[in-house]
Amino acid sequence: MIDWGRAGALLASIDSKADAVGTDAARVVATSPRFQNKDFPLSPLPLAVAASKVEEHRRTAERYMTLLERVLELYAASGDVRSYFALTEDEESLARVPATLTPSIRISRLDGYLKQLDGKICFLENNTDCPAGILFTERLNLMLDRIIKNLNPQIASEVVELPLDQTDCARQELLAAYRQQGGDKEDPVIAILQISGRANAESVEMAEEFSTRGTPAFVADPREVAVSAKGVDVGGRQADIIWNKVNTVYWNQLVAESPALLKRWLEAVTSGRVCHINPFSARYVTESKSCAAFLQEAEFADHFDHADREFLRSVLPWSRKVKTGKVVEYGDEHIEITELLLSRPADFVIKEPYDIRGDGVTIGRGVPRDYWVEKVKLAARKGYTAQEFITGQAYPVLLDTAQMEVALLTASLDSFMFGGRLCGLGSKAGLGYKVNVFQGGRKLAVRVYNSRKG
């Protein structure tokens, strides 16, 4: 998907105008709205994507979203499926609330790598609880357009906009979900959930921008929810749409502190008085790292036809739930899973069901042997997911424009999905095994360019 010709041309343009580019980038940052939850250096070289490859990627990402929707249907219908995800009774009650939207997962981000060997997409994770970047990615991309317009007007003129690049996409998706559910208020109010004192910059900026664009929005603490005859209040203000931006890790911490919280949210989402995005089924089921394993487990294979199983093998890393005594097929081997993990630590990662900033991911090749052994034992006790380690493609990132210091960093290709459709692309880049902004990485703009003529 990477347009290496455009990337090279842009890098050459930056090299020829290094001083001017650095000055221009600083000016653009200073005159643009905030675009970061955590500071990272801005690279004036975007991840260049060939427009000719985007349509195929769109079909792939949207087909995968359709299969995630099927997982939600299976969860609602099958006790065996529910047992696999092993939610608590209260969590399961929330996850089984009947869907009122089609598709159920309205806003999500599929984090992926373009595999080093063949350049094909591999979806590593489904961020279907509260994906970051739906506002800041748009802002970052538009900032790079301003820089490139001054740097290389010809290439700038060839950019192809995706819906996320067209300002106001996220607000419009929230409103579309509200209308689909039957909401009829002319000016519905959006509550963006964040824990008091821990709201990230994007949530605050989102509330301000949505309000400026005509939809009242505010940031509220999920613990301050109440249902009355008039509707659902959060923090003392009535909300018609709730965009739940609390990561599931933090959500579970709140629930541990106040177990009654889930019952209050069950009352809120079943009241019919609020449109909650995404539903709790997405937060607990398709957000779980167990989902990638569920989609590939032999015991559930009959829920998917041959074509779907082949598709899933092509776009997901090999993934299985860890359980002592479980025999799995890996390549040409049939082997007990803990024996496989202990014999080949460099080939695998272990993932806890819910994670933030990569803290719940253990990479076999990145930890000492004794640590890995203990993690495998823990995974077997807890039912964590083992996943094949995937090496992503490296991409040039400017670390210092003035000195033209360039490093090849592993770069992700993340797909923003609104209403089950590809809406935009983002990227993160880093030197370590975990490509995460909070672990030394940075975001890259992603720009799609028309194919060359002639």
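Count of the stretch 249-295 residues, restricted to those that are of a type in the set (A, V, I, L, M, F, W, C), within 27 Å of L175 (Cβ to Cβ) and part of a helix (DSSP H, G or I), is 8.
Scanning the stretch 211-248 for residues that are in contact with a strand residue (DSSP E or B) (Cβ under 8 Å, 6 or more places away or on another chain), outside any loop (DSSP other than H, G, I, E, B) and of a type in the set (S, T, N, Q) turns up S211, Q238, N244. You will find that of V269, V189, V227, the residue that is of a type in the set (A, V, I, L, M) and in contact with a helix residue (DSSP H, G or I) (Cβ under 6 Å, 6 or more places away or on another chain) is V227 and no other.
A quick yes/no check of all residues on (1) surrounded by fewer than 22 Cβ atoms within 10 Å (Cβ to Cβ); (2) under 23 Å from K351 (Cα atoms):
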| position | (1), (2) |
| --- | --- |
| V71 | no, yes |
| A77 | yes, no |
| S83 | yes, yes |
| L87 | yes, yes |
| L124 | no, yes |
| L135 | no, no |
| L144 | no, no |
| C169 | yes, no |
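Of everything in the stretch 140-166, what is within 30 Å of C291 (Cβ to Cβ) and of a type outside the set (S, T, N, Q)? Give them in sequence order.
Within the stretch 140-166, L140, L162, P163, L164, D165 meet the criteria.
Taken together, G360, G430, G440 contain a single residue that is in contact (Cβ under 8 Å) with a residue 60 or more places away in the chain and small (G, A, S), which is G360.
Consider the stretch 1-24 and keep the residues that are under 19 Å from S412 (Cα atoms) and of a type in the set (D, E, K, R). The one that is surrounded by the fewest Cβ atoms within 10 Å (Cβ to Cβ) is R6. Yes or no: E208 in a loop (DSSP other than H, G, I, E, B), at negative phi and without any contact (Cβ under 8 Å) to a residue 60 or more places away in the chain? Considered against the rule, which asks whether it is in a loop (DSSP other than H, G, I, E, B), at negative phi and without any contact (Cβ under 8 Å) to a residue 60 or more places away in the chain, E208 comes out as no. Of everything in the stretch 291-313 that is surrounded by 19 or more Cβ atoms within 10 Å (Cβ to Cβ) and among the small types (G, A, S), the residue that is farthest from the chain's Cα centre (by Cα) is A293.
Go through the stretch 41-58 and give me each residue that's closer than 13 Å to L162 by Cα, outside any strand (DSSP E or B) and among the small types (G, A, S). Of everything in the stretch 41-58, just one residue is closer than 13 Å to L162 by Cα, outside any strand (DSSP E or B) and among the small types (G, A, S), namely A51. Within the bounds of the stretch 230-246, is there any residue that is closer than 23 Å to I105 by Cα, surrounded by fewer than 18 Cβ atoms within 10 Å (Cβ to Cβ), without any contact (Cβ under 8 Å) to a residue 60 or more places away in the chain and touching a helix residue (DSSP H, G or I) at 6+ places or on another chain (Cβ under 7 Å)? No: the stretch 230-246 contains no residue that is closer than 23 Å to I105 by Cα, surrounded by fewer than 18 Cβ atoms within 10 Å (Cβ to Cβ), without any contact (Cβ under 8 Å) to a residue 60 or more places away in the chain and touching a helix residue (DSSP H, G or I) at 6+ places or on another chain (Cβ under 7 Å). With I337, I350 as the choices, which residue is over 21 Å from the mean Cα position of the chain (by Cα) and surrounded by 19 or more Cβ atoms within 10 Å (Cβ to Cβ)? None of the others qualify; the one that does is I337.
Of everything in the stretch 393-428, what is under 21 Å from C291 (Cα atoms) and in a strand (DSSP E or B)? Give them in sequence order. It would help to see each step written out before you state the result.
Narrowing the stretch 393-428 to residues under 21 Å from C291 (Cα atoms): 412-422.
Across the stretch 393-428, the qualifying residues are S412, L413, D414, S415, F416, M417, F418, R421, L422.
Read the figures in this text as sums done on the coordinates, not as results from a lab. Not measured: the values here are computed from a predicted model. As a convention, Cβ positions derive from the backbone with ideal geometry for all residues, glycine included, and neighbour counts pool all protein chains shown.
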